[in-house]
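Below you'll find the structure, written out as structure tokens, and then a few comments.
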Amino acid sequence: MRIGVVTFPGSNSDVDAQNALSVAGVEPVMLWHESPDLAGVSAVVLPGGFAYGDYIRAGVIARFSPVMRGISDFAAKGGLVLGICNGFQVLAESRLVPGALLRNRSLRFASKIVAIKPQRLDSPFTHAMDGNPIHIPIAHGEGCYYADEATLNEIERNGQILWRYVHEDGTPALDPDDPSNPNGSLRAIAGVSNAAGNVAGLMPHPERMSEGILGTDEGMQLIRSLVESAKSWEAAGRPVPTKAEAVK
Amino acid sequence: MTDHLRPDGATEHLRSDGAAEHLRSDGAAEQMAPASSASAEDARAMAPEAPVATAPEAPVAPLHRRLGVTDEELELIKVKLGREPNHTELAMFSVMWSEHCAYKSSKPLLKTLPTRGNGVMAGPGDNAGVVRIGDGLAVAFKIESHNHPSAVEPYQGAATGVGGILRDIFTMGARPIAVLDALRFGDPADPRTRHLVDGIVRGVGGYGNCVGVPTVGGELVFDPSYQGNPLVNVMAIGLLEEKNLILAEAPGVGNYVVLFGSRTGRDGIGGASVLASATFADDDPNKRPTVQVGDPFAEKLLIEASLELIDRRLVLGIQDLGAAGISCATSESADKAGTGILLDLDAIPRREPGMEPWEVMISESQERMLATCLPEQFPDVREVCERWGIQIALVGRVAEDGDITLIEGGLGADGTPNPGAREIARIPAKALTSEAVVHYRLATPPTRRRSAPAPGIPLTAQDGLPERGMDPAAVLVALLGSPNLSSRRWVYEQYDACVQSNTVEWPGHGAAVLRVKGTRKGLVATTDGNQTVSALDPHLGAQLSVAEATRNVSITGARPLGITNCLNYGNPERPEAFWQLQEAVRGMGDACRALGVPVTGGNVSLYNEYPGGAIAPTPEIGVVGLIDDISMLVRPPFTTEGDAVLLIGESTPGMAGSAYAALAGLSAEDSPPTLDLEREAALQSFIREAIGRGLVASAQDVSGGGLAVAIAECCMWGGLGATLRLGVSGSPAIELFGESPTRLVLSSRQRHAPALELLARQFGLHAETLGVVGGDRLRIDLTGQGATGAAEERGSRVADALDVSIADLRHTWDHGLARALGVETGHGHGPGPVVAATPGEGA
């Protein structure tokens, strides 16, 4: 099975996604931003970086690239799309996932290991996780998750909040000034999915903690979830999920 | 103006009959990197002292002086050309003969350095040092300064410093895999310092984060001498396949010379000569246009395109445009290949209309590359650049005549000038580079070798602090919370440290460690520079810097491959400042020879002075080491309860230049500690051997803050306490806080401790077991004959024990820097600089 990794001009964590997928035993396929053709891959990763330099606002130019047309179509047909860091920003700008990513509350770039915890274990992006907090890095200047109150309530109700920043005991760091909430995200949201559940984004980098030599391989729980879900989706003949199915 | 006469009175420089040979008497290849490798640093001669536009009635200085060319240099230029230079040519000479590009003061010193070593593939004279690491791979590394631009415009100055050094790396065919930044500032409580720290840290991060190269280490040092002249030294490391090594040359008459990347604009005009080669009055707004503006997004594309061109063998030689821009890249590439370049001015893409030819030739616009290719491969070269969205232009041909010739009016398809084309400049490439002027400066030791104690510091010896009833733990806590020894977390958390998935050891706990994908190997990197001892004794200071930097690599089990150096000194025209540089180079060479480590490259930053004085001489040493099996890596933190703690090496007297002295004061007659290079070499061999035999659980060297700080770091970082007994033969302060070098704190399994002690003795080193790892407190009992107690018997206490909880140490260490910079109370959290056309900080 093959999983695509998009390279925009300015992507720099595409090599990390590529590495983690290889470690997971999957053949990564590099997808160039100028083509909407996804080369028949079973899932797509939008990697971190600074697509098109993040000029104007992170992710806003990438949204209009040819490859994003292909990805929108793919997602509409039930394909799995995971956006990491800048990839999350691109998905949010493309309205493929709800919310927006604002500048960190510190107004500084933040690079450190954070703890996040999956909020449900039946999502395609979490089902191989053990439910405990995982420790993976963040590296972003604009990662403060924001949505209006109504949207926050709706995604909470729909189970679209997939990961939260947490304390060591697993409780969410809901206060935006809590040091365990590294960017001031509302409701400690580290990552969300669309309503259908097949498109997800998160700010931390699971793919950069995919081998013990790098500190821990806890990020692989998330990568393996994606890989196994893509396999099942492929094995099931690429079913198009209805919204009702995904929202439990 | 006697500055460039030889001390031996070689006034014949200035004769017109073959004077060139005298002026350029060494004839050696450049010891240091080609000037273009730097984006323009230190000097700026667009008339530092010239009264150009100030008073209308003031006489206007001649053009050459306004460009920073001395009368004597002008005479030599005339000899080289056989005629008067025109404006464009003079501008080209002014930047190429700047201190920054020509190393005209330092070259005679630098050629004394040892540069040969096992596996060295490229060294001084190339853009970066390159050393083989086996498996068909090699590592490229280099450090460089961007001091004056960062003082003028901190964000862009630091950002383009990163950009420039990265280009030096990928110009060699290597993919940049890591950056380390060594930063030095004045008083952290001063608002201007805080402004500089904020902008420079943002600039380093802004560029490195975006371009996708992790910043994995470095230094942050505060010293009053940097108040008006901060230091920004950036080291970059790259990884390449040996077969992809490529040089900055323009071979093959008739081949195409192409320029790709950003267009040429008016930014950074004269950076090399004005900013990088003259002393410096702070806040001079007239110098702001001399600072270049960086675009890391453009650089990221340039990296990908350049590495693809190199990997596919589409270019024969490649050079980045840094200091002195096109003038430098063309003349160096031609000189290296023994060719010339015919350059078509009209073909050079400009950012704005109306640029004068001399502006085009010396502009330091960032993110540009010059390459040579076969004519038949040009379409492929163009395809690669265009795919990455990079503009490319065919700007000239390799010529036979050895000259850099600039024409206006265009080249025909056959590569010859169109009818009616006009020659604007013609200079032998050698005259701009390998045969540039060399000055033999006067070196005079200062009459007063060290500064007097600061006002208010008592003139009596303070060495005995702990035994006079002061709690040694309080001293330790104060040291750990001090601006220079506390955690640098506030800085490095603004740098992406793990992009590319190679970072084994994150910043903050000793040397940086990267794995080499696809192998078992690891690379270990560090920067160190000792300015406090250098201020007292520049020869010893440089030796200590080399010793500490290599030791920091050796204690992980890695073998240092080579050093790169950034020599930050004052105005070489002042004999005392030149003496400091001369002594430092001698010290660095002595240390490298003794330790068997080659110097593979570096950079010289002179004129680090401002109206308030000169900086402390600062020899910044960057080291990259290789560990063959990364699973054998050893780190400083204590790992296991019950392990034995050992001290290897002995302390020697001398507290001058130490963190303790800065905190507690110092007796006027005290001196820095001594360094025995043979013993240092033995110590480093010993620790690599011990780690190779699997005897060592953790290893830390004794440096800033002394033994107590070293042990405290092992405890804090490992989350484990220790109970120790330290024999005191002299003063407890010297034992606990003295910074004499060549000492290690090790921990090992109890069963390995005897073997470790034995091995140390076989290497001629003193070794003793201090105690055991465990608990949540650090306790050090001080025993033996102390300074206060001649009557006391060995084994008895000579001072109060040091006893403190690890949590307390951790707290003070963790918050010291942010407190010093005032960033925890909400200050410094304001919005970043508003800079147009700067990439976002998105992800």
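Structure summary
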{"quantity": "Residue tally, condition at pLDDT below 95 and under 18 Å from the mean Cα position of the chain (by Cα), over region A:211-248", "calculated": "1"}
{"quantity": "Residues (polar (S, T, N, Q) and surrounded by fewer than 24 Cβ atoms within 10 Å (Cβ to Cβ)) located in region A:1-41", "calculated": "A:7, A:18, A:19, A:22, A:35"}
{"quantity": "Number of the condition not met by residue A:57 [criteria: (1) open to solvent by 30 Å² or more (accessible area, probe 1.4 Å); (2) in a loop (DSSP other than H, G, I, E, B); (3) away from chain B (no Cβ under 14 Å)]", "calculated": "(3)"}
{"quantity": "Residue list for region B:733-774, filter: among the acidic types (Asp, Glu) and part of a loop (DSSP other than H, G, I, E, B)", "calculated": "B:739"}
{"quantity": "Condition broken by residue A:104, with the remaining ones in (1) at pLDDT below 95; (2) within 11 Å of chain B (Cβ to nearest Cβ); (3) surrounded by fewer than 24 Cβ atoms within 10 Å (Cβ to Cβ) satisfied", "calculated": "(1)"}
{"quantity": "Matching option when the condition is over 30 Å from residue B:211 (Cβ atoms) and modelled with pLDDT under 95, among B:541, B:464, B:557, B:510", "calculated": "B:464"}
{"quantity": "Total residues in region A:218-237, condition touching a residue at least 40 places away in the same chain (Cβ under 8 Å) and not in a helix (DSSP H, G or I)", "calculated": "2"}
{"quantity": "Any hit, region B:234-241, residues being modelled with pLDDT of 95 or more and open to solvent by 10 Å² or more (accessible area, probe 1.4 Å)", "calculated": "yes"}
{"quantity": "Residue, farthest from the other protein chains (Cβ to nearest Cβ), within region B:479-489, restricted to residues that are outside any loop (DSSP other than H, G, I, E, B) and open to solvent by less than 10 Å² (accessible area, probe 1.4 Å)", "calculated": "B:479"}
{"quantity": "Residue ID - nearest to residue A:171 (Cα to Cα), chosen from residues in region A:186-212 that are away from chain B (no Cβ under 14 Å) and of a type in the set (A, V, I, L, M, F, W, C)", "calculated": "A:188"}
{"quantity": "Condition check for residue B:566: closer than 23 Å to residue B:230 by Cβ, open to solvent by less than 10 Å² (accessible area, probe 1.4 Å) and either in contact (Cβ under 8 Å) with a residue 12 or more places away in the chain or part of a helix (DSSP H, G or I) (or both)", "calculated": "yes"}
{"quantity": "Lone qualifier among A:103, A:108, A:95 - being within 28 Å of residue A:7 (Cβ to Cβ) and without any contact (Cβ under 8 Å) to a residue 24 or more places away in the chain", "calculated": "A:95"}
{"quantity": "Region A:74-101 - residue that is closer than 21 Å to residue A:183 by Cα and open to solvent by 20 Å² or more (accessible area, probe 1.4 Å) and, of those, farthest from the other protein chains (Cβ to nearest Cβ)", "calculated": "A:98"}
{"quantity": "Residue among B:196, B:180, B:220 that is open to solvent by less than 20 Å² (accessible area, probe 1.4 Å) and free of Cβ contacts under 8 Å to residues at least 60 places away in the same chain", "calculated": "B:196"}
{"quantity": "Residues (more than 14 Å from chain B (Cβ to nearest Cβ) and part of a strand (DSSP E or B)) located in region A:107-121", "calculated": "A:115, A:116, A:117, A:118"}
{"quantity": "Helices (runs of 4 or more DSSP H) lying entirely in region B:295-405 (those with 1 or more residues that are out of contact with any Leu (no Cβ under 9 Å at 6 or more places or on another chain) and within 14 Å of chain A (Cβ to nearest Cβ))", "calculated": "B:296-311, B:378-387"}
{"quantity": "Check on residue A:137, open to solvent by less than 50 Å² (accessible area, probe 1.4 Å), within 14 Å of chain B (Cβ to nearest Cβ) and modelled with pLDDT of 95 or more", "calculated": "yes"}
{"quantity": "Single residue of region B:490-537 satisfying the filter (among the basic types (Lys, Arg) and at the interface with chain A (Cβ under 8 Å from one of its Cβ atoms)) that is least open to solvent (accessible area, probe 1.4 Å)", "calculated": "B:515"}
{"quantity": "Filter result for residue A:44 (out of contact with any Ser or Thr (no Cβ under 9 Å at 6 or more places or on another chain), hydrophobic (A, V, I, L, M, F, W, C) and surrounded by 24 or more Cβ atoms within 10 Å (Cβ to Cβ))", "calculated": "yes"}
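Residue-wise test of (1) over 17 Å from residue A:238 (Cβ atoms); (2) away from every other protein chain (no Cβ under 14 Å).
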{"residue": "A:2", "(1), (2)": "no, yes"}
{"residue": "A:7", "(1), (2)": "yes, no"}
{"residue": "A:27", "(1), (2)": "yes, yes"}
{"residue": "A:42", "(1), (2)": "no, yes"}
{"residue": "A:72", "(1), (2)": "no, yes"}
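The values are calculated or read from the model by the stated rules, or taken from the named source; none is laboratory data. For clarity, every value in this text was computed on a predicted model and none was experimentally measured. When we count neighbours, we look across all protein chains shown, and the Cβ atoms used for this are built from the backbone with ideal geometry, even at glycine. Calculation scope for accessible area: heavy atoms of the full protein, side chains included, ligands and nucleic acids excluded. Shrake-Rupley method; radii C 1.70, N 1.55, O 1.52, S 1.80 Å.
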